[in-house]
Amino acid sequence: MKKNNHLLVAALGLFLASCGGGVKKTPSGIEYIVHKAGSGPQLKIGDTALVNVVQKINDSLLGASRTVVGGPIPLVVSKPQDKFDLMEGIALLHEGDSTTFIIPWDSLPPMQRPTFGKKGDKLKITFIVESKYSAAAQKEKDEKLIKEYLEKNKINATKNAEGVYVAVKEEGTGATPNAGDTVYVHYTGKLTNGKVFDSSMDSTLRPGMPLEPIKFPIGRGFVIKGWDAGLSHLKKGSTATLVIPSTLAYGLQGSPPAIPGNSILVFDVKLVDIKPGAAAPAPAAPVAPAPVKK
């Protein structure tokens, strides 16, 4: 029995050492506990970290980013502005870390205290650092995932110059739209896992709204870049599937709660109609310099 106890104590000691050894403090005095030490590089000011956040007051759960937005949220690491600014602690974290910061409720400035707390309560905020965001790395990741999606679903799509994958199911006979033209589009949008987040043809997704095509001037930034880029190559009357990289969709921020950050989007579309738009204004002619008097 004693031998087993010694083994248990030794194992517990190794576990605590690997997790950072219990409660620590930042230079300004914020207590924190490292639950899991990551092996990635340390965060630095200016980095954008993708983190999952869990907030508690004492042991009562207030919220979790996975539940609210469906995945990690972007967090830009910046200089701490005052005492108990969590940026001080976040800058100590590494990729892969899971750490809880503990802040006494009554240590916060009155305007920053949650209204549901009281003296003696403690705010416990856990950050789980998944990775640092890199636009180049995300683009490469999107390409890999899109090719896997197309192969799995047997979709024969062509990547256009802007980076959108277009699979024309039925080609129309009309013209393609020009920038500024108003296009009328029926669509169903979904994630690569098949979850539908919006549709112009499903009343359960748009309760109380008429089921009619969406209309907007193409090429004027009224929709995500992937829509402008994908629809501009379709003829009037065409039906197609657009597979849009996250960098041409809602990007790092996503569109919570339906669309998590860095989501590749898939749209089944029909370009119902095109109405000519006003021509773009011609650039102003340069003003000739006044002649120099001699």
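The values are calculated or read from the model by the stated rules, or taken from the named source; none is laboratory data. Bear in mind that the values here come from a model prediction, so they are computed numbers and not experimental data. Methodologically, a virtual Cβ is constructed for each residue, glycine included, from the backbone with ideal geometry; neighbour enumeration extends over all protein chains shown. Protein only, heavy atoms only, side chains kept; ligands, DNA and RNA dropped before computing areas. Shrake-Rupley method; radii C 1.70, N 1.55, O 1.52, S 1.80 Å.
Annotations
- For the stretch 31-90, a residue qualifies if it is of a type in the set (A, V, I, L, M, F, W, C) and touching a helix residue (DSSP H, G or I) at 6+ places or on another chain (Cβ under 8 Å), and the qualifying residues are 37, 43, 49, 51, 53, 54, 57, 73, 75, 77, 84.
- Filtered by the rule that a residue be assigned to a strand (DSSP E or B) and more than 12 Å from residue 127 (Cα to Cα), the stretch 25-55 gives 25, 31, 42, 48.
- In this structure, residue 259 does not qualify as modelled with pLDDT of 95 or more, open to solvent by less than 40 Å² (accessible area, probe 1.4 Å) and not charged (D, E, K, R).
- Evaluating residue 122 against the criteria (1) at pLDDT 95 or above; (2) within 29 Å of residue 63 (Cβ to Cβ); (3) open to solvent by 40 Å² or more (accessible area, probe 1.4 Å) leaves one unmet condition, (1).
- Of the residues making up the stretch 201-245, those that are open to solvent by less than 30 Å² (accessible area, probe 1.4 Å) and in a loop (DSSP other than H, G, I, E, B) number 6.
- Looking only at residues of the stretch 22-56 that are surrounded by fewer than 17 Cβ atoms within 10 Å (Cβ to Cβ) and hydrophobic (A, V, I, L, M, F, W, C), we find that the one that is nearest to residue 101 (Cα to Cα) is 23.
- Of all residues in the stretch 66-103 being open to solvent by 40 Å² or more (accessible area, probe 1.4 Å) and of a type in the set (Ser, Thr, Tyr), the one that is farthest from the chain's Cα centre (by Cα): 78
- Inside the stretch 129-161, residues that are assigned to a loop (DSSP other than H, G, I, E, B) and under 23 Å from residue 72 (Cβ atoms) make up a count of 2.
- Selection status of residue 277, touching a Ser or Thr at 6+ places or on another chain (Cβ under 7 Å), more than 23 Å from residue 155 (Cβ to Cβ), at pLDDT below 95 and not basic (Lys, Arg): yes
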